[in-house]
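Only the coordinates and a few stated rules stand behind these numbers; no lab work does. For clarity, every value in this text was computed on a predicted model and none was experimentally measured. Note that we place each Cβ from the backbone using ideal geometry, even for glycine, and neighbour counts take in every protein chain shown.
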Amino acid sequence: MTTILTVRKNGKVVVIGDGQVSAGNTVMKSSARKVRRIIGGSVIIGFAGATADAFALMERLEAKLEQYPTQLARACVELAKDWRTDKVLRQLQAMMIVADKNETFVLTGNGDVVEPDGGITAIGSGGNYALAAARALETYEKNPEKLAKKAMKIAADICVFTNDDFVVEVLDED
């Protein structure tokens, strides 16, 4: 269980995730790193779901990005096709948010490659809380990093599977 939030605003993209790893109702770890930079730091991913599955998908995404450099959308679509059609990959239980300086995508094992409207998206058990909070704060908070942190704090206060040990990565769009 986890919460990952992405905010794209004022020339920046922020990906933030909490650090809680839960097994049922037990907190196994509170400081996991579920937001990471790949491809020399030009792409940020955040993942929710089974950790080993997410790492397997992250490695595959890196391979797709090496195959299709500077084509994030194509790499994501190719990964989603593999994920959906490969017998082994189909069993992986995870979701990912993938962002570079120009685009953001949500990837799922159902074959979804969604480019969210409005520059804000979230996944994970506390994703709906973080998304609602970020959308509510968007008008009032101009700084995307502050907005993301405030929204995640609200999600952590509501969702028992989300904590406030955040990892934040930021890319400038220019």
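Listed highest first by mean packing, meaning other Cβ atoms within 10 Å per residue, what order do 2-15, 112-125 come in?
On the way: 2-15: 24.2, 112-125: 18.6.
Peptide ranking by packing, descending: 2-15, 112-125.
With neighbour counts taken as other beta-carbon atoms within 10 Å, the residues TYR129, TYR140 rank, fewest first, as TYR140, TYR129. Projecting the Cα atoms of LEU147, VAL106, VAL43 onto the charge dipole of region 16-174 (Cβ charges, centred on the Cα centre) puts VAL106 farthest toward the positive pole.
How large is the direction-averaged shadow of the alpha-carbon convex hull of region 4-133, in nm²? Write down the numbers at each step before the final one.
Details: hull surface 32.0 nm².
Dividing the Cα hull surface by four gives the mean projection, 8.0 nm².
Extension gain, LYS29-VAL160: 0.36 nm per intervening residue step, less the Cα-Cα distance, totals 45.8 nm.
Here the Gaussian network model covers the chain, with springs between Cα atoms less than 10 Å apart; of ALA80, ALA23, ALA50, ALA23 fluctuates the most.
As a quick test, which of the pairs LYS64/LYS150; LYS29/LYS149; LYS81/LYS150; LYS101/LYS149; LYS29/LYS142 have an alpha carbon distance above 28 angstrom in this structure? Provide the component values of the computation, followed by the final result.
Values: LYS64/LYS150 34 Å; LYS29/LYS149 20 Å; LYS81/LYS150 35 Å; LYS101/LYS149 19 Å; LYS29/LYS142 33 Å.
Long pairs (Cα-Cα over 28 Å): LYS64/LYS150; LYS81/LYS150; LYS29/LYS142.
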